[in-house]
Amino acid sequence: MKVYQSNEIKNISLLGNSGSGKTTLVEAMLYESGVLKRRGTVEAGNTASDYFPVEQEYGYSVFSTVMHVEWLNKKLNIIDCPGSDDFVGGVITSLNVTDQALILLNTQYGVEVGTQNHFRYAEQLRKPVIFVANQLDTEKSDYDKLVEQLRDNFGPKVTLVQYPLNVGPDFNAVIDVLLMKMYRWKPEGGQPEILPIPESEMAKAKELHGMLVEAAAENDESLMEKFFDQGALTEDELRTGIRKGLITRDIFPVFCVCAGRSMGVRRLMEFLGNVVPFVDDMPKPVTTEGVEIAPDINGPTSLFVFKTSVEPHIGEVYYFKVMSGKVHEGDDLTNVSRNEGKERLSQIFCVAGQTRTKVEELVAGDIGATVKLKDTRTGNTLNAKDCTYQFPSIKYPEPKYRRAIKAVNEGEDEKLNAVLTRMHEEDPTWIVEQSKELRQTILYGQGEFHLRTLKWRVENNDKVQIEFLEPRIPYRETITRAARADYRHKKQSGGAGQFGEVHLIVEPYVEGEPMPETYKFNGQEFKVNARDVQEVNLEWGGKLVMVNSIVGGAIDARFMPAIMKGLMDRMEQGPLTGSYARDVRVIVYDGKMHPVDSNEISFRLAGRNAFADAFKQANPKVLEPVYDLDVMVPSDRMGDVMGDLQGRRAIIMGMSSEHGFEHLTAKVPLKELSNYSTALSSLSGGRASFSMKFASYELCPSDVQTALIKEFEAQDVDKE
Ligand SMILES: Nc1nc2c(ncn2[C@@H]2O[C@H](COP(=O)(O)OP(=O)(O)OP(=O)(O)O)[C@@H](O)[C@H]2O)c(=O)[nH]1
Ligand SMILES: [Mg+2]
């Protein structure tokens, strides 16, 4: 295979709502460019891109697939991304290593929630966008309505480069107003006839051409001047203007294809090869040290590993982008992200799905793959000697769905953990947490379907049967007023005796609020003074403050650490519900010792139980985690979604209308969000999306608190 130079390579992400035809389009591109001898179909489960059994089982893409086609002396690296928002990880990864987003639309449905989401992700990463109207051969296709929705959602920068003729089952032609030609296909698609524009279409074509020329000219002063002077631009000037507009996201061109019949595919590949930005037209990637790195083929070799996947018959495959220099088969590189480990790239490949073509060299800007690395992970940087670049790992959206996960067969827990760790490498939005607090293994993902896909893979590929359980809620407990208690721990029967007595006061800890000098309980006054104060920043948030206010040596200072341990026992397993406790100040103001029997364990237990008693008298409250919810829902489903949220104790914080969609923000307790992604999907017919982020801990409603206390007491934890 030819070694392509940086100015012959284009990196493109194929985006768009699920079902818009991305996999079918890239299949047609591979076929038209000769990589495939026969076109597969998603229905037949034999496409080059959806080659994972789970994708063939479900009939849509689960993973982003790296492909390449060679067309008109250009190499187009195309990453076919999954459309379902559950698999957003693949989209984010792809956008981070490519320079152009191609957003496909199903002309039957127009702008869908997936279109909006992917446009938003491209916008967040400042990536150029081209829209492609697909499925023009279907009954309900309506191109004019689609264009209207595109302008309504994405504004006046939406500029037509093509419009179709005979939309519907007889679709067979488009008018291209950049080249001012008509393209017509035979029913089998492929090579088009390129014809003059029929008279009947000329007026419309000229008008659209004028709009395209103006839109292109706006991105370059000299073109603008020429446009004002002569009112026209050459094809090359048009291309230059469009490229500049793409880079600055000032123009969103619209193309037409029928991927299912391989129509319009060659023209689109031509435009991608000729016009969209090269890697060095785009902003330079920045290292973790904040240094911009140009994709210079003469620079030091540096690779960024953006994806790893375990593939049938070959094991782990590492996909990388050459960020600088050139990489050759047999190169020895250093993994600067993992202890400078040495890695030999025994083979390097250009890939098209599971078809890997060995190559000798890949240059800066290109995308390739390698195998058999010793200790490399997704997000790592591999460099040649003396190169110190390190590129930051890719940031993924917050999880939206979580479940506790367990191996059906106890003995397989360890194997399951190893499998889950590997799965996280394949899709970084599958996040595993061994939660000490909840005493569960929690699996986080982007939705119910996302986790079910994982389950399918673990059970079918790794043969580990798993079950999902309702995850516990990480409640917190705290107190709302001061209270006092004392506890004597005494054990003097058989063996070493134990004796310790602790008197303490507890009160809510508020940052910056000083401790009073006296407390009053049942009419009795207690004077305290802080001889020593210890503050603990709790790993689960909030603080514990212990004040030593002992007078007259009632408790020797050497026992204070033991008392602190006792307090921490009950902070870690709160007295009320066994949840983590936070924001409590404890004043140890008196106690008793025994010259022989007093020891660490005695005072740990005395401290622990005195604290638990006082805590329970201090009007303790359970706090629940509350999340900020951000929902995008089609206006016609707003009522149902609102009604459902009200049933989830949501507090609506804001509402705004955006192009036929309602944008809702709300605060909702985590307890009420367990199955929200599934509920929202059925309420909106899969046309809504949301994100959620932890916001704060708030007081639990009393009925929830009572139920939690009952449940905890029923567990009968050790009441030492
Ligand atoms: N009639 C018609 N059907 C098409 C066309 N392109 C794709 N399809 C069909 O649309 C369905 C979805 O196609 P895919 O290629 O899987 O869509 P996708 O965008 O990859 O979907 P996800 O992988 O879920 O994101 C399949 O049944 C295709 O056969 C087209 O141009 N015309
Ligand atoms: Mg697909």
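Sorting ASP86, ASP628 by solvent-accessible area of protein heavy atoms yields ASP628, ASP86, largest first, with a 1.4 Å probe. State whether region 276-432 is rounded, prolate or oblate according to the following rule on the C-alpha gyration tensor (a ≥ b ≥ c being the square roots of its eigenvalues): a/c under 1.5 gives rounded; otherwise a/b larger than b/c gives prolate, and the remaining case gives oblate. Taking the square roots of the gyration eigenvalues as a ≥ b ≥ c, region 276-432 is prolate. For region 225-242, backbone phi angles converted through the Karplus equation (6.51, -1.76, 1.60; θ = phi - 60°) give residue-by-residue couplings of 4, 4, 4, 5, 5, 10, x, 8, 9, 6, 4, 5, 5, 4, 4, 4, x, 5 Hz, Gly and Pro being listed as x. Debye-formula intensities of region 343-475, expressed as log10 I(q)/I(0) at q = 0.10 Å⁻¹, are -0.46 (one equal scatterer per alpha-carbon, no solvent). Please compute one quarter of the surface area of the Cα convex hull for region 115-201 and express it in square nanometres. Taking the Cα atoms of region 115-201, their convex hull projects to 6.9 nm² on average.
Counting Lys +1, Arg +1, Asp -1, Glu -1, what net charge surrounds ALA557 among other residues with beta carbon under 10 Å of its beta carbon? Mind dumping the intermediate values first?
Working: positive: ARG531, ARG558; negative: ASP532, ASP556.
Neighbour charge sum, excluding ALA557 itself: 0.
In whole Å, what three semi-axes, largest first, describe the equivalent ellipsoid of region 1-159 built from its Cα gyration tensor (square root of 5 times each eigenvalue)?
Equivalent ellipsoid of region 1-159: 23, 20, 16 Å, largest first.
If we count every other residue with Cβ under 12 angstrom of THR388's Cβ, Lys/Arg +1 and Asp/Glu -1, where does the sum land? Charge balance in the 12 Å sphere: -2.
Please work out whether region 211-313 counts as rounded, prolate or oblate from its C-alpha gyration tensor, where a ≥ b ≥ c are the square roots of the eigenvalues and a/c under 1.5 means rounded, while otherwise a/b larger than b/c means prolate and anything else oblate? Taking the square roots of the gyration eigenvalues as a ≥ b ≥ c, region 211-313 is oblate.
Rolling a 1.4 Å probe over the protein chains gives LEU567 an accessible area of about 0 Å². Summary value for region 505-545: 28 percent relative contact order, contacts being C-alpha pairs under 8 angstrom separated by 6+ residues.
The share of alpha-carbon pairs in region 451-524 lying farther apart than 16 Å comes to 75%.
The solvent-accessible area of TRP71, taken with every protein chain present and a 1.4 Å probe, is close to 40 Å². Summing charges over neighbours of THR441, with a neighbour being any other residue whose Cβ is under 14 Å away from its Cβ, gives 0 when K and R count +1 and D and E count -1. Dimensions of region 322-408 along the principal axes, based on C-alpha atoms and rounded to the nearest Å, stand at 45, 32, 25, largest first.
Amide H contacts of THR138 (H built 1.01 Å from N, in plane; Pro and chain starts excluded): GLY168 sit under 5 Å, all sequence-distant by 5 or more or on other chains.
Report the antiparallel proportion of the DSSP beta bridges in the chain as a percent, rounded to a multiple of 5.
Antiparallel: roughly 80 percent of the beta bridges in the chain.
For a quick check: with amide H placed at 1.01 Å from N, whose amide H comes under 5 Å from GLY341's, ignoring anything fewer than 5 positions away on the same chain? Correct list: ASN335.
Per residue, region 150-307 exposes 43 Å² of accessible surface when a 1.4 Å probe is rolled over the protein heavy atoms with every protein chain present.
GLU218 exposes around 110 Å² of accessible area when a 1.4 Å probe is run over every protein chain in place.
Taking the Cα centre of the chain as origin and assigning +1 to Lys and Arg Cβ atoms and -1 to Asp and Glu Cβ atoms, the resulting dipole is close to 1340 debye.
Counting only residues at least eight positions apart within a chain, or on another chain, the aspartates and glutamates with an alpha carbon under 17 Å from that of LYS406 are GLU414, GLU433, GLU437, GLU448, GLU459, ASP462, GLU467, GLU470. Short-range pairs are left out: with C-alpha atoms under 8 Å and at least six residues apart, the relative contact order of the chain is 10 percent. Counting only protein heavy atoms and a probe of 1.4 Å, the accessible surface of region 359-405 is 47% carbon and sulfur. Near GLU311, the amide H atoms lying under 5 Å from its own belong to GLU316, VAL317; only residues 5 or more places off or on other chains count, and H is placed 1.01 Å from N. Only helical runs count toward this figure. For the chain, summing -39,500 (n - 2.57) over DSSP H runs of n ≥ 4 and dividing by all residues gives -8500 deg cm²/dmol at 222 nm. Among GLU600, GLU360, GLU188, GLU70, the sequence by solvent-accessible area, most first, with a 1.4 Å probe is GLU360, GLU188, GLU600, GLU70. When all protein chains stay in place and ligands, DNA and RNA are ignored, the 1.4 Å accessible-area order of PHE526, PHE255, largest first, is PHE526, PHE255.
Rounded to whole numbers, the Karplus 3J(HN,Hα) couplings from phi for region 663-668 are 9, 10, 10, 8, 10, 9 Hz, using 6.51 cos²θ - 1.76 cosθ + 1.60 with θ = phi - 60°, and x at Gly and Pro.
In terms of its Cα atoms, region 121-261 spans 43, 38, 25 Å along the principal axes, sorted from long to short. To put it simply, the accessible area of region 58-181 at a 1.4 Å probe is 45 percent carbon and sulfur. Average the reciprocal distances over every distinct pair of alpha-carbons in region 667-720, invert the result, and give the Kirkwood radius in Å. Value: 14.1 Å, from the Cα pair sum. Take every DSSP beta bridge whose two residues both sit in region 52-204; close to 75 percent of them are antiparallel.
Here the relative contact order of region 283-431, from alpha carbon pairs under 8 Å that lie six or more residues apart, stands at 25 percent.
Give me the 1.4 Å probe accessible area per residue for region 439-587, excluding ligands and nucleic acids, in Å².
45 Å²
Within the accessible area of region 532-636, what % is carbon and sulfur when the probe is 1.4 Å and the other protein chains stay in place? Numbers along the way, then the final one.
Numbers: 1710 of 3710 Å².
Using a 1.4 Å probe with all protein chains present, region 532-636 comes out at 46 percent carbon and sulfur.
Straight-line cross-link reach from LYS145 at under 29 Å between alpha-carbon atoms covers these lysines, not counting any fewer than eight positions away in the same chain: LYS22, LYS127, LYS157, LYS181, LYS186, LYS204, LYS206, LYS244.
In this structure region 611-720 gives 48 Å² per residue of accessible area when probed at 1.4 Å with all protein chains present. Grab the alpha carbons of region 33-116, take their convex hull, and tell me the volume per residue in Å³. Once divided by residue count, the hull of region 33-116 is 124 Å³. Short to long, the 10 Å bins of the Cα pair-distance histogram for the chain hold 3, 13, 19, 20, 16, 12, 8, 6, 3, 1, 0, 0 percent of all pairs.
For LYS342, the lysines whose Cα falls under 29 Å of its own Cα, not counting residues fewer than eight places away in the same chain, are LYS2, LYS284, LYS307, LYS321, LYS326, LYS358, LYS372, LYS374, LYS385, LYS395, LYS415. The 3J(HN,Hα) values that the Karplus relation (6.51, -1.76, 1.60; θ = phi - 60°) gives for region 409-426 are, in residue order, 8, 2, x, 9, 4, 5, 4, 4, 4, 5, 5, 5, 4, 5, 4, 4, 5, 6 Hz. Gly and Pro appear as x.
The values are calculated or read from the model by the stated rules, or taken from the named source; none is laboratory data. On a predicted model such as this, the values are computed, not experimentally measured, just so you know. With ideal geometry, Cβ positions are generated from the backbone for all residues, glycine too; neighbour counts draw on all protein chains shown. Just so you know, the surface numbers come from the protein's heavy atoms only, side chains and all, with ligands and any DNA or RNA stripped out. Shrake-Rupley method; radii C 1.70, N 1.55, O 1.52, S 1.80 Å.
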